[in-house]
Amino acid sequence: MRVRHYLQVGSGYIHGALSLLIMMNLAGCIVNSQHHPTSIPQLRRVGQTTQLFVDDKPFLALGGELGNSTASNLEVLEQAFAKCEHMNLNTVMLPVYWDLIEPSENHFDFSLVQGAIDRARAHHLHLVYLWFGTWKNSMSCYAPSWIKRDVARFPRVRLSNGELEEIVTPECTASRDADANAFASLMRWTRQYDSGHHTVIMVQVENEVGMIPEPRDHSELSNSAYHSPVPEKLLALAAQKQLGPEINMLWQNAGHKTAGTWPEVFGDTAQGEEIFTAWQLASYVEHIAAAGKREYPLPMFANAALIRPGYFPGQYPSGGPLPHLLEIWRAAAPSLDMICPDIYFPNFIEWATRYKRNGNPLFIPEMAASDRAPANILYAISQLHAIGTGPFSIENLDGEKAQRITQCYGLLAGMSDSILKAQQTNKIIGLSPPIAFDWSTSNEPQRADLGGITFQATFDRPGNPNDSARPTTLPTLGSGHWDAPPNTPRGSALILQLAHDEFLILGMGATITFSAPNNKIGIDSVQEGHFTDDDK
């Protein structure tokens, strides 16, 4: 048996900067930019995976998320887009601000959004809207002034001690309907302006919603809803044990009731209150997403701020689209095509894997732009078939971090067609060291099988090999640029099968070996290289 193994000759080693190691020229591997658009961007199930299709062809979103305020100024945005194009991005996650497009009720101004689309087209970039509507990072800070000032019409969340929060209550139908009207207007305008170009390819509805610093709202409206019967749809899912292991356990512990109020069915605890909040928030988001989809049915998703170890409901944005609440969100918000994580914690693989649950496609709209970002991107796209990734505050990166992401995206862009085909046929794997929340990492080799071959990877530990220091504190969630401490592996490897005995490897900081049961195999030939425009 012959195996053409794409590694440096004789060494079996991928070191330092990202290296793409191949031996054959693949003609026609990139989508033809002259293709005339037909169907709108959409998610499709192909083979063993779900992929994003743009202009009727699978699309790998090599993205980045802009800082929160960058899209509010077109001159600043122009500079950001120019940098994103230089860094080999093909997609930018773009904030769209409710307060700026509807400064007074029912009076809309889409000039800022139009300017963003025009500039994105000039820089050959696609856009993913991030709708900063009723909530952004739990708070209602991007709601228009006419929402913020009218507390009687748009009541706020109350804590158990009666204090008001800067959060519009999810039981407020007036704010829900106003948000839905604004979002539908945005999507209607986008269809009219962009449906012939497909610059905008997906939409995030709200941003990192959740209840904090308590697991539920104690306003009069929410208290009444909390002590009302649980919806029959949710009760049926509980009885069928289709709400996931975490929620099923709470339901069982509360007496597995088939009728009753929220505290009766799920328990009057912080965990039970969070289930109520999740249903509230997801139902609110569904109303908005459905209104937008009626105007222009682009793929839509919700994103989640994740949980630190040992934290309980109320200590994090509770009730948001978290993995243990995924089934509740999907039941309450069927207009959402995906539930997505924003990953800033070191244990990237753990969180990303938890979102590959019950058919939920993986898209990571926001992630730490740390020195492990390229390694995490490779793993997500290969092992977890992610449809795209987005390091946060991408326009503010510089130095080695920017260079590494630029190189990573440049190589991935050149081989994206091969990656997408391999995802469809499950002929792609990823190897990366599992890193814990405290940055601790095992020295155990990572293994995976592909095409009857077992590939094994061990990873470099840069810095002093005797330095096992770990940070005593971790940056706050949302800082975006976490750096691994010394002696933490920076590497990973993407391996895909081109033919029976041909494999392609893209990676860095890894030593790769291979074996096959009951067979002696070796390297027949090796070529190092990269895809260029001539390969399209």
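Brief remarks follow.
- Highest average packing first - 414-426, 57-69, 107-119, Cβ atoms within 10 Å: 57-69, 414-426, 107-119
- Under 24 Å from Lys257, Cα to Cα: lysines that are on another chain or at least 8 residues apart: Lys233, Lys241
- Separation of the Arg149 and Gln252 label points, Cα + 7 Å toward Cβ, nm: 5.5
- Extension gain, Ala174 back to Asn518 (0.36 nm per residue minus Cα-Cα distance, nm): 117.0 nm
- Sorting 187-199, 514-526 by average packing, meaning the other beta carbons within 10 Å per residue, from highest down gives 187-199, 514-526.
- For the chain, average projected area of the Cα convex hull in nm²: 25.6
- Nearest-0.05 FRET efficiency for Cys141 and Asn106, computed from C-beta distance (R0 25 Å): 0.70
- Accessible-area composition of segment 278-381, carbon plus sulfur, in percent [1.4 Å probe]: 50
- Fully extended contour minus Cα-Cα distance, from Asp268 to Glu75, at 0.36 nm per residue: 64.3 nm
- Apportionment of accessible area to carbon and sulfur, segment 389-448, percent (1.4 Å): 44
- Base-10 log of normalised Debye intensity for segment 306-461 (one unit scatterer per alpha-carbon) at q = 0.09, 0.12, 0.16 Å⁻¹: -0.32, -0.58, -1.04
- Taking every C-alpha pair closer than 8 Å and separated by at least 6 residues, the mean separation divided by the residue count of the chain gives a relative contact order of 22 percent.
- With both labels modelled 7 Å from their Cα along Cα-to-Cβ, the Ser440 to Asn358 distance reads 3.2 nm.
- Antiparallel bridge percentage (DSSP; both residues within the chain; nearest 5): 55
- Stretch gain in nm, segment Asp449-Thr425, where the contour uses 0.36 nm per residue and the Cα spacing is subtracted: 7.2 nm
- Exposure rank, largest accessible area first [Arg153, Arg447; 1.4 Å]: Arg447, Arg153
- Pair Arg308, His197: separation of 7 Å Cα→Cβ label points (nm): 4.3
- Where only C-alpha atoms are counted, convex hull volume of segment 113-225 per residue in Å³: 109
- FRET efficiency for the His227 to Leu159 pair, using the beta carbon distance and R₀ = 22 Å, is estimated at 0.80.
- The chain, helix-only ellipticity at 222 nm - DSSP H runs n ≥ 4, -39,500 (n - 2.57), divided by all residues, nearest 500: -9000 deg cm²/dmol
- Peptides 133-139, 346-352, 439-445 ordered by average Cβ neighbours within 10 Å, highest first: 133-139, 346-352, 439-445
- Cβ-placed point charges (K, R +1; D, E -1), dipole of segment 300-414 about Cα centre in debye, nearest 20: 300
- For Ile429, the shell of other residues with beta-carbons less than 13 Å away shows a net charge of +1, using +1 for Lys and Arg and -1 for Asp and Glu.
- Sites Arg294 and Gln403, calculated FRET efficiency, Cβ-Cβ separation with R0 35 Å, nearest 0.05: 0.20
- Listed by chain and number, the aspartates and glutamates whose alpha-carbon sits under 18 Å from that of Lys356, ignoring those within fewer than 8 places in the same chain, are Glu246, Glu327, Asp337, Asp342, Glu366.
The values are calculated or read from the model by the stated rules, or taken from the named source; none is laboratory data. Fair warning: this is a prediction, and the values are worked out from it, not measured in the lab. So basically every Cβ, Gly included, is an ideal-geometry build from the backbone, and we count neighbours across all protein chains shown. SASA here: full protein model, heavy atoms, side chains in, ligands and nucleic acids out. Shrake-Rupley method; radii C 1.70, N 1.55, O 1.52, S 1.80 Å.
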